[in-house]
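In what follows, a single structure is set out as C-alpha cells and then discussed.
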Amino acid sequence: MIEAHSITANGVRMNVLTAGQGPVLVMLHGWPEFAAAYADVIDRISDDFQIIAPDFRGFGDSENPNPKPTDI
C-alpha cells in the first residue's frame, strides 16, 4: 500500500510516497514527471523493497517556495 507523507526539509514542504519494507530503494522522477508516475512500479516491487519516492520541489504536491514569474 502506497502512503503519502508531507515532510519539511530546509523550510520547504515536500511530498514523499512510501511503501513496502526491506532494502531501501529511492525512486527519483525526471522532468516534468512526479512521484505518482511510479505508482504501478511501486505496487509491483514493494514486497521486496522499502520504496521512498519524493516529489522534487515545485513538482507534484511539493511546495515551490520561489516560483519564477513564468511559473505563476
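Details
- Looking only at region 1-13, and only at residues there that are open to solvent by less than 90 Å² (accessible area, probe 1.4 Å) and not β-branched (V, I, T), the one that is farthest from A36 (Cα to Cα): G11
- Every residue from region 14-59 that is in a strand (DSSP E or B), within 13 Å of the chain's Cα centre (by Cα) and surrounded by 14 or more Cβ atoms within 10 Å (Cβ to Cβ): M14, N15, V16, L17, T18, A19, L25, I51, I52, A53, P54
- Scanning region 37-55 for residues that are among the aliphatic types (A, V, I, L, M) and more than 15 Å from E3 (Cβ to Cβ) gives A37, V41, I45.
- Residue within region 56-64 that is touching a Pro at 6+ places or on another chain (Cβ under 8 Å), without any contact (Cβ under 8 Å) to a residue 60 or more places away in the chain and within 17 Å of E3 (Cα to Cα) present: yes
The values are calculated or read from the model by the stated rules, or taken from the named source; none is laboratory data. Just so it is clear, the model here is predicted, and its values are computed rather than measured. Positions of Cβ are backbone-derived with ideal geometry, glycine not excepted, and every protein chain shown enters the neighbour counts. The protein model used for the area step is the full one, side chains on, heavy atoms only, and it has no ligands, DNA or RNA in it. Shrake-Rupley method; radii C 1.70, N 1.55, O 1.52, S 1.80 Å.
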